[in-house]
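Any read-out appearing in this document is the output of simple, stated calculations on the displayed coordinates, not a laboratory observation. Being a predicted model, the structure only gives us computed values, none of them experimental. Here the Cβ positions follow ideal geometry from the backbone for every residue, glycine too, while neighbour counts run over all protein chains shown.
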Amino acid sequence: MTTPFDEIRELVRRHADNGQTATRVPRLLITKGTGRTAMVPGFYEPMLCLVLQGAKCVLIGDQALHYDQASYFVSSVELPASDQIVEASPDKPYLALSLKLDMGMIAEILLDMRDEVETSCTAAFGTSLVTPELADAWLRFVRLLDKPEDIGVLAPLFEREILYRLLQGPQGAMIHQLVRPESRSGQIRRAIGHIRHHFDAPLKVEELAGLAGMSASAFYRHFKEVTALSPIQYQKRIRLLEARRRLLAEPGDTARVAYSVGYESVTQFTREYSRQFGVPPARDAGHLRAQASSDRHTPTAE
């Protein structure tokens, strides 16, 4: 008997290219991988990810989360993370859907649900089992890939249903907290936004604690509960990811890039970059540019 997952998987298989594919449905992305990958550092926006085939591991701070087609992954704040496809092959590729979370839509749903505000602080990421109700909501959403003329009217309705089912599930309290500015997690989210927009400036925990309305010790503790990183570790990951982007986009002087993202020592920058990405900055950027050029010139099978 065909299940909702079977139909979703077939729909995605027909619309997927290798790598990540943006769809005509707003905020919906498809990922396809034909083999295991190394652990790749990156940055997660608030998102919901549903694996349809294969499996993935996500490393956030010192926490490793494994999920496959029986479970979903959700993050509710911007998080530096590393991920790895751990189960995939050319005959049975890794297939996944990711939906960037619309916090405005979530806030509207919560108003209708009339739940009480949670004030406890929890991690801003997690995995849970997929329920039949959530799978059914995803199926209606993904069917729009075959009916683009319906996207404008129906996509917001089906997306709202997915978010509603998410809020009803085990990760609902975590999402609830992050969209309410008066909750402790919501206060931490304000501080995260400040770090992201001022990543190249010296980090002052007391200033961030003031933005969050907490003492410095309480802020440090709650920040690590939400992100699995200390504030300085979070800033460092942001700096290194931005440095990598700049080295790739504008090849040039490593020292210039190091100073532009806030480092005062090129030696320290090179050491921390090599620890994060496995190779020194210039070599890593050259490898990435060569790989990108090879991908552009590799013919694709029809």
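Things to note:
- Ignoring lysines fewer than eight residues from Lys236 along the same chain, the ones with Cα atoms less than 21 angstrom from its Cα are Lys204, Lys224.
- Applying D = kT/(6 pi eta Rh) to the stretch 191-302, where Rh is the Kirkwood radius over alpha-carbon pairs, T corresponds to 10 °C and eta to 1.306 mPa s, the Stokes-Einstein value obtained is 101 µm²/s.
- With contacts taken as Cα pairs under 8 Å and at least 6 residues apart, the stretch 154-269 reaches a relative contact order of 18 percent.
- Kirkwood-Stokes translational diffusion coefficient of the stretch 4-178, alpha-carbon pairs, 25 °C, 0.890 mPa s, µm²/s: 149
- Antiparallel DSSP beta bridges within the chain, percent to nearest 5: 100
- For the stretch 35-161, the relative contact order is 28 percent, taking Cα pairs closer than 8 Å that sit 6 or more residues apart in sequence and dividing their mean separation by the residue count.
- Proportion of all alpha-carbon pairs of the stretch 123-194 beyond 18 Å (%): 51
- Rounded to the nearest angstrom and listed largest first, the equivalent-ellipsoid semi-axes of the stretch 154-224 from its Cα gyration tensor are 30, 15, 8.
- Using the Cβ-Cβ distance between Ala255 and Gln63 with R0 set to 30 Å, the FRET efficiency works out to roughly 0.30.
- Just so you know, the Cα atoms of the stretch 236-296 work out to an Rg and Dmax of 11.0, 36 Å.
- For the chain, built as a Gaussian network whose Cα springs stay under 10 Å, the top-fluctuating residue of Leu134, Leu79, Leu288: Leu288
- The order of Val142, Val86, going from fewest to most other C-beta atoms within 10 Å of their C-beta, is Val86, Val142.
- Neighbour-count ranking [beta-carbon atoms within 10 angstrom, fewest first] of Cys57, Cys49: Cys57, Cys49
- Calculated FRET value between Ala216 and Gln291, using beta carbons and R₀ = 45 Å, to 0.05: 0.55
- Entry for Rg and Dmax of the Cα atoms in Å (calculated from the structure that is shown) out of [x] 22.8, 69; [y] 20.4, 62; [z] 17.8, 53: [y]
- Between Ser230 and Arg283, the simple label model (points 7 Å from Cα in the Cβ direction) yields a spacing of 2.9 nm.
- Straight-line cross-link reach from Lys32 at under 20 Å between alpha-carbon atoms covers these aspartates and glutamates, not counting any fewer than eight positions away in the same chain: Asp6, Glu7, Glu10, Asp17, Glu45, Asp68, Asp83, Glu87, Asp91, Asp146, Asp295, Glu302.
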